[in-house]
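Okay, so here's the structure we're looking at.
The values are calculated or read from the model by the stated rules, or taken from the named source; none is laboratory data. Being a predicted model, the structure only gives us computed values, none of them experimental. Cβ coordinates were reconstructed from backbone atoms using ideal geometry, including for glycine residues, and neighbour counts include every protein chain displayed.
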Amino acid sequence: MTPEISVQVPVRNGGAGFAVHLDSLRAQDLAGVPWELVIADDGSQPPVEGSFDLRFPGNVAVRIVRREGSGNRPAARNIAWQAASAPVSLLTDGDLKLSPDVLRRHLEIRREGGWTVVMGARINAWSEDASPWQRWFDTRAMGGKPAGEFPPRYFITGNLSLPTSLLREANGFDEAIDRYGGEDTEFGLRIARTGVSLHWEPGIRADHLDTVTVREHSAKMVEYGGSGLRHTLGKHPEAGGMLGSGWIRPVLSRPIRPGTLVMRMAAKLMLLPAVYRGILRWMEAAGRPRFLFTYLSVGGCLLGLSGKDFRRNDA
């Protein structure tokens, strides 16, 4: 049987969360429709094969492709779609618990609307004791917005489907982004140039099992700013100014306007590592006001882009 959809998941040293992810895939209600699961083992030790229960119903073909090395998510995603045989690819992550209707809804909505890319929601505040930080995070990007078109800068894998042929035509993800984050955004910007349709469907849900703290997220944003964001801005001039990157230009660079000068000077002040650390400590303790979570997230990116860090040993 030819599979209708290829579920592709990169994983490196997956633990209990990956086991939950696999269970959620086994629970998909596709009523016998053939589909495939392609696991890209990104140098896991021990290897995925033999470490997890990979038994699936008879309508599911399971294959593992493996790459060696220290880990490269874009490269892992690429070997996954290269091994796919279905016309539609669902790009997911090993720390997500997919609702039982995720695969069915992706296929249905694609048939009904004819969209090229369909992106569902990733929910961080899925538990009753979710933190203010997790609740804030779910309001970012397309969070809270009704179904409709989404901009390419919000392109994020995990709960997203697209034609496998598009991955092939676009030559997949940029493997030069070999540190945390950014390969999704870069790919979204690249395919948007071709005029593809990008559809947001919040009713398709996946729970994010990652319990990353605001401090851990801030560290990730610094890494992203200094690697994936810098690479993407250099590769895509049309993305200039993304995440406030225009405010860290030299104060007297053109254009020179009163408002611009004020914002650049304010950015220099707010991106002092000592200021960032102080606000981070406050938000860890108080969790309010919520807009400071935005500062921590965007500010972390801009610190990394500026070659700075909020951690004392690296500042």
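Anything in region 42-52 that is in a loop (DSSP other than H, G, I, E, B) and under 26 Å from the mean Cα position of the chain (by Cα)? List them, or say none.
Gly43, Ser44, Gln45, Pro46, Pro47, Val48, Glu49, Ser51, Phe52
Only one residue in Asp101, Asp41, Asp95, Asp29 is among the acidic types (Asp, Glu) and at pLDDT below 95. Which one?
The match here is Asp29.
Do we find that Gly225 is under 29 Å from Gly148 (Cα atoms) and surrounded by fewer than 17 Cβ atoms within 10 Å (Cβ to Cβ) in this structure?
No: the conditions fail for Gly225.
Where residues in region 126-155 are among the hydrophobic types (A, V, I, L, M, F, W, C) and more than 15 Å from the chain's Cα centre (by Cα), which of them is surrounded by the most Cβ atoms within 10 Å (Cβ to Cβ)?
Per the stated criteria, the residue is Trp136.
Can you find even one residue in region 64-77 that is over 19 Å from Asn171 (Cα atoms), assigned to a loop (DSSP other than H, G, I, E, B) and more than 21 Å from the chain's Cα centre (by Cα)?
yes
I'd like the full set of residues that are touching a helix residue (DSSP H, G or I) at 6+ places or on another chain (Cβ under 6 Å), at pLDDT 95 or above and surrounded by 17 or more Cβ atoms within 10 Å (Cβ to Cβ), limited to region 174-184.
Residues satisfying the conditions are Asp174, Ile177, Glu183.
Do you know which residues across region 1-41 are polar (S, T, N, Q) and under 18 Å from the mean Cα position of the chain (by Cα)?
Within region 1-41, Gln8 is the sole residue that qualifies.
Yes or no: Ile177 aliphatic (A, V, I, L, M), in contact with a His (Cβ under 8 Å, 6 or more places away or on another chain), in the same structural domain as Gly158 (by TED's automatic domain parsing) and closer than 30 Å to Ser127 by Cβ?
Considered against the rule, which asks whether it is aliphatic (A, V, I, L, M), in contact with a His (Cβ under 8 Å, 6 or more places away or on another chain), in the same structural domain as Gly158 (by TED's automatic domain parsing) and closer than 30 Å to Ser127 by Cβ, Ile177 comes out as no.
Residue-wise test of (1) under 25 Å from Ile204 (Cβ atoms); (2) buried (at least 17 other Cβ atoms within 10 Å of the Cβ); (3) touching a Pro at 6+ places or on another chain (Cβ under 6 Å).
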position	(1), (2), (3)
Pro10	yes, yes, no
Pro47	no, no, no
Phe56	yes, no, no
Arg73	yes, yes, yes
Leu103	yes, yes, no
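Among the numbered criteria (1) in contact with a helix residue (DSSP H, G or I) (Cβ under 8 Å, 6 or more places away or on another chain); (2) over 27 Å from Lys308 (Cα atoms), which single criterion is violated by Pro202?
The single condition Pro202 does not satisfy is (1).
Pick from region 61-94 the residues that are in contact with a Ser or Thr (Cβ under 9 Å, 6 or more places away or on another chain) and of a type in the set (Val, Ile, Thr): which of them is farthest from Ala40 (Cα to Cα)?
Among them, the one singled out is Val88.
Within 28 Å of Arg193 (Cα to Cα) and touching an Asp or Glu at 6+ places or on another chain (Cβ under 6 Å): which single residue out of Ala147, Ala121, Ala141 fits that description?
Ala147
Name every residue in region 157-211 that is among the hydroxyl-bearing types (Ser, Thr, Tyr), more than 23 Å from Leu22 (Cβ to Cβ) and in contact with a Lys or Arg (Cβ under 9 Å, 6 or more places away or on another chain), in order of residue number.
Tyr180, Thr185
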